[in-house]
Amino acid sequence: MGVAGPFPGYAGKPPVPVLDRDEADRALGRLGAEHEAIETSLLALQDHAGRRLLEGADLTGVTKERWAATEQSITLLWGYFDAYAGAIDEAREIRARRRFPNRDDLLALTELLRGQGVTVASTATRPDPSITGPAKLSERFTLEELVARMNDLYARALDMVVASDSVWSALPARIDLLAAELRRTRSLAHSVGVRPGEHPAGDDLEAITHELTTLRAQVISDPLAFWLPGPGSAAPGGGRPDTLRYDRAARALDDVRREIEAVLAVRQDAEQRLVRLRDILSRADRTLAEARAARGEVLAKIAASEVPAVSGPPTALQERLAAASEYRRHARWHRLSPLLESLEREAEDELLRARESLTAVTAPLAVRAELRGRLDAYKAKVARHGLAEDPMLIERYDAARRMLWSAPCDLRVAAQAVLRYQEAVAELLNPRRPSAPEDRR
């Protein structure tokens, strides 16, 4: 049933066409379904675990501020919903009067369903002006505007509730698990002597304990301080908990656990490592003693040669090795662990240094041995070619041999004598051919 003429508008808005019966029935059906959906969402928000936790928590910081505003929003949201439901009930009552509504009924239905026919009093709630704009005693809405306002308030409230609940669901449980692991690590650390003030790992355990205790208290009282909104996400609760501090504490605990495991490993194989260290230092001492003896031999047998000095045994390492044995005897594993690691490195370096000293000291003897071997090799070569009785070769061989087998031996002069002998052998084995006569025609 149609009605001629539009319904007058409000506040300068264009007139609203008057609904006919079918349009009014369709609008009421749609609004009824929308009313049920809104009511379901509001009840779900009311029963949300995060909202109940927020109501009972001792909040601080940004969460306290936002929850105060959110509580006002939820109160205002229910006020809007009551006005919305009242408008729909009133419209249904008007429609139920007659099977075929008259013009006055249709005008009233149009006002309620399409016009600004819903008046909401705001004096009871007095919401924050930042939520609804400047405070007013009452406001008039269309049902569409009222739904848009409720959607906005609902989204902001749900975002805050979901974000807080996500942080509370994620972080405290993980912190508790890490704290349990921390307690086990502390017990193990104490069993091997790793305690605060005595070992760096003990100090680290104390710092991690304090950090986890502080972190858990802050997460419980101010969850929104640990929430990272998702970039570009408009959905309520879009984002993730900020686990930076938790992750840092977990990594620190892993480092301490590895340190404790190293100390435990020291306790298990400390004796073998000490025996190996004694063996390495003993070999270094024997090598240095050999180098000192070789230096005296070189100084006696080789002339005009720079022979490096040889240092004494590493007494400092021996003293630290004795300290390590004392640590093991008194089960001070936390002190033994770093000492053994440094001793093993330094003992290997000491053995290498001793070997290098022996090599440097005996180098002149090695040079003399090489010259002797070269001289004998060339003599054998001369004998194979039947030149052993050559007077020049005999003379040069004897001169080189006297220099190499005399003491002290001048290596530079002896090397020149061996070179002259080589050149003489080469000259005899490969004589130069006379050049062809020059054609002067």
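The values are calculated or read from the model by the stated rules, or taken from the named source; none is laboratory data. The shown structure was predicted, so the numbers you read here are calculated from the model rather than taken from an experiment. Note that we place each Cβ from the backbone using ideal geometry, even for glycine, and neighbour counts take in every protein chain shown. Only protein heavy atoms, including side chains, enter the accessible area calculation; ligands, DNA and RNA are left aside. Shrake-Rupley method; radii C 1.70, N 1.55, O 1.52, S 1.80 Å.
What nm value, rounded to one decimal, do you get for the distance between Arg353 and Arg248 when each label is placed 7 Å out toward the C-beta?
4.1
Just to confirm my numbers, what's the Cα centroid distance between region 209-276 and region 315-365 in Å?
37
For region 340-386, what % of the accessible area comes from carbon and sulfur atoms, probe 1.4 Å?
The computed percentage sits at 54.
7 Å from Cα along Cα→Cβ at both Gln268 and Gln218: what's the point-to-point distance in nm?
Computed distance between label sites Gln268 and Gln218 equals 3.8 nm.
Sort 51-64, 278-291 by the packing proxy (mean of other Cβ within 10 Å over each peptide's residues), most packed first.
278-291, 51-64
Any chance you could look up the accessible area of Trp405 with a 1.4 Å probe, heavy atoms only, rounded to 10 Å²?
Surface accessible to solvent at Trp405 totals approximately 100 Å².
By accessible area of protein heavy atoms, probe 1.4 Å, what ranking do His190, His48 get, highest first? Write down the numbers at each step before the final one.
Details: His190 75, His48 50 Å².
Ranked list, largest accessible area first: His190, His48.
Taking amide H positions as placed in the peptide plane 1.01 Å from N, state which residues far from Leu228 in sequence (5 or more) or on other chains have amide H under 5 Å from it.
Arg240, Asp242
Would you tell me the accessible area of Asp376, worked out with a 1.4 angstrom probe on the heavy atoms of the protein chains, in Å² to the nearest 10?
Result for Asp376: roughly 70 Å² accessible.
Run the simple label-point estimate for Ser406 and Glu326 please: 7 Å along Cα→C-beta, distance reported in nm.
5.9
Could you work out the relative contact order of region 238-370? I mean the mean sequence separation of Cα pairs under 8 Å and 6+ apart, divided by the number of residues, in percent.
39
Suppose R0 equals 35 Å; then what is the FRET efficiency for Asp398 and Arg286 from their Cβ-Cβ distance, rounded to the nearest 0.05?
My answer for the efficiency is 0.30.
First measure r as the distance between the Cβ atoms of Asp22 and Ala85, then evaluate 1/(1 + (r/R0)^6) with R0 = 25 Å and state the FRET efficiency to the nearest 0.05.
The calculated FRET efficiency here is 0.60.
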